[in-house]
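Okay, structure first, notes after.
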Amino acid sequence: MAYEPKPPVIPTDRTCPFDPDPEYRRLREEEPISPVRFDIAPGRDDGWLVTRHDHVRAIMTDPRFSHRAELLALVASPPFEVEKYEPQPSGPGSFVRMDAPDHTRYRRLLTGFFTVRKIQEYEPTLAGIIDDVLDEMADLEPPVDLLPAFVQKVVHRSVHSVMGVPEEDIAELDRHFSAIMRIDYTLEEFIEHNTALDQTLARVVKDLFAEPNDKLLGKLVKTGELTEEELANIAWITIGGALDTTPNMLGLGTFALLEHPEQLAKVRERPELMERAVEELLRYLTISHMGASRVALEDVEVGGQQIEAGQTVVLSLPAANRDPEQFEDPEVFDVTRPSRRHLAFGFGIHQCLGQHLARATLRIGFQKLFDRFPDLRLAVEPGEVPLRDKAMHYGVYALPVTWGVSRPPGHEPRAVPATGRPAVPVSAALAGRGRAGLGLSSGGTCGARWCARAGAVPRRPRRGCPS
């Protein structure tokens with residue numbers, strides 16, 4: 001009998017591409033720290049799902065909770081049978097899954113490259129990269145897939161210019177990272193792409209040790225503090241993190257702005273709102289939809305709930321970022337919202353190292369994209385956009401867009417039927433890149449034009465949502 005992969009232990013059934021599973025709302029209100037049972041765990045298989053902002057933030061800053069790889073249960077089981085799960089401690093340089101002081105030592109080496117001042121100094125270079133990519137995109141005949149035409153080029157060239165890794169190697173690494181960041185790969189794919197990643201990074205690092213350049217990785221070599229193995233693992237984290245997060249936010253964020261035209265109009269009329277718009281997109285979309293996990297090193301009480309030593313807690317970032325105790329009208333996408341209290345980048349010592357670079361890429365990227373193509377719009381119906389709902393970070397697999405030409409009569413976006421997925425594929429070229437779309441149920445509405453028309457729950461006027 002063929003092995004049937006088990007679903008993640010957290011709610012994952014969306015009723016709209018921009019909203020998390022509505023079950024999170026119920027849990028946050030009724031059972032904010034709720035029990036879960038893990039299918040794959042190195043120790044205890046009982047744990048907790050945490051959905052309130054204050055609880056999530058508190059756990060992220062509490063040293064009694066660990067992020068060590070060898071202790072954590074898995075939110076999403078591998079899509080193949082695992083006889084015995086005995087993870088090893090993170091290798092030298094893999095600081096993300098370490099605690100202090102090991103984590104502190106490696107992070108200290110990197111922090112100076114990603115300060116606010118350093119990123120501000122880098123912004124003219126980043127703006128030039130984006131301008132060049134938009135020039136190339138303008139030479140294409142629409143419709144185009146925005147991901148290869150814009151998103152991936154911007155991120156690849158930015159990573160190349162910051163890290164000092166050849167652009168052709170960045171593209172190769174992206175292909176392998178994209179495969180292993182899914183949760184529906186095969187065992188053969190997992191082995192193939194992980195092996196290729198290790199080999200490519202080992203070659204890149206060997207070249208840097210032989211001839212270090214003046215970019216980030218080359219400067220780390222010159223410190224004399226790292227071995228080749230350590231630098232390869234640091235490159236895995238920093239390059240992989242950049243390739244799997246910022247592109248998904250650029251793609252999904254563009255989709256969200258196009259489907260909320262009244263919000264996009266505000267940003268176009270008042271460019272100074274773009275910084276707030278980026279923060280709101282980060283909060284509203286929260287692409288880390290599998291959350292963040294920690295394991296209790298001792299018995300800890302959180303929100304009146306006793307969490308026992310050895311139990312893994314899954315911190316739902318999407319639920320925390322929709323907490324009405326922190327955000328007024330949290331279900332509304334409002335580009336004028338002033339708050340930066342969202343947890344899209346995490347919090348505490350493991351907060352995203354490259355957050356300032358990500359913010360700059362999104363802010364400059366969105367601004368220049370819509371300035372250059374003011375009539376940018378979807379080239380397919382919204383329900384046909386393939387979604388990364390089976391990946392560690394949420395986003396879109398493709399975003400067909402067009403500009404300049406008149407929309408054919410009758411081509412206005414239509415509602416997605418409440419039963420099943422849209423019948424019309426994106427195109428033969430795009431259909432194979434991911435799931436074809438997402439049908440709506442009666443669970444709620446996300447506020448986008450087409451979701452509101454198709455969903456069983458009608459929209460009600462809310463502050464900050466003029467439609």
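A few comments on the model shown:
- Fully extending the segment from Ala265 to Asp135 would add 44.5 nm, taking 0.36 nm per residue of separation and subtracting the current Cα-Cα distance.
- Charge context of His342, other residues only, Cβ under 9 angstrom, K/R +1, D/E -1: +1
- Helical runs (DSSP H, four residues minimum) scored at -39500 (n - 2.57) apiece and divided by the length of the chain put the mean residue ellipticity at 222 nm at -13000 deg cm²/dmol.
- About its Cα centre, the dipole of the chain is roughly 1340 debye, where the only charges are +1 on Lys and Arg Cβ and -1 on Asp and Glu Cβ.
- Reference-scaled alpha-carbon Rg (2.2 N^0.38 Å with N residues) for the chain: 0.96
- Close amide H partners of Ile307, meaning residues 5 or more places away or on another chain with modelled amide H under 5 Å apart, are Val300, Glu301, Val302.
- Residues of type lysines that Lys84 reaches as a straight line, Cα spacing below 18 Å, ignoring anything fewer than 8 places off in the same chain: Lys6
- When DSSP beta bridges are restricted to pairs lying wholly in the chain, around 90% turn out antiparallel.
- In the chain, a dipole from Cβ-located charges (positive for Lys and Arg, negative for Asp and Glu) runs towards its positive end, and of Leu362, Gly43, Leu110 it is Leu362 whose Cα lies farthest in that direction.
- Over every Cα atom in segment 164-213, the radius of gyration and the widest Cα-Cα span, Dmax, amount to 12.3, 39 Å.
- Note, ³J(HN,Hα) from phi for segment 60-72, Karplus 6.51, -1.76, 1.60, rounded to Hz, x at Gly and Pro: 5, 9, 9, x, 7, 10, 10, 10, 6, 4, 6, 10, 8
- Per-residue 3J(HN,Hα) values for segment 370-379, derived from phi via the Karplus relation 6.51 cos²θ - 1.76 cosθ + 1.60 with θ = phi - 60°, read 7, 5, 6, 10, x, 9, 4, 7, 5, 9 Hz in sequence order (x marks Gly and Pro).
- Average Cα contact separation per residue, the chain, under 8 Å, 6 or more apart, as relative contact order %: 21
- Straight Cα distances below 19 angstrom link Lys206 to the lysines Lys215, Lys219, Lys222, with same-chain residues fewer than 8 positions distant left out.
- Other-chain or far-sequence residues with amide H under 5 Å of Ser293's (modelled H): Leu315
- Within segment 189-275, GluC sites (Glu not before Pro) in DSSP loop having at most 13 other beta-carbon neighbours inside 10 Å: Glu225
- Net lengthening on full extension, Arg341/Lys215 (0.36 nm per residue, minus Cα-Cα): 42.1 nm
- Taking label points 7 Å from Cα along the Cα-to-Cβ direction, Glu275 and Leu110 give a separation of 2.6 nm.
- Segment 119-165: translational diffusion in µm²/s, Stokes-Einstein, Kirkwood Rh over Cα pairs, 10 °C, 1.306 mPa s: 142
- The label point for Glu70 and the one for Lys84, both projected 7 Å from the Cα toward the Cβ, are 1.6 nm apart.
- Estimated vicinal HN-Hα couplings, Hz - segment 45-55 in sequence order (Karplus 6.51, -1.76, 1.60; Gly, Pro = x): 9, 9, x, 9, 10, 10, 10, 9, 4, 5, 5
- Working ranking of peptides 138-144, 377-383 by packing, defined as the average number of other Cβ atoms within 10 Å per residue, highest first, is 377-383, 138-144.
- Reach of Lys368 by Cα under 22 Å, taken over lysines that are not fewer than 8 positions away in the same chain: Lys118, Lys153, Lys266
- Alpha-carbon centroids, segment 285-343 and segment 1-80: separation in whole Å: 11
Rule-based calculations on the coordinates, nothing more; no lab input. This structure is a prediction, so every number in the text was calculated from the model and none was measured. Reconstructed Cβ throughout: ideal geometry from the backbone, glycine too, with neighbour counts over all protein chains shown.
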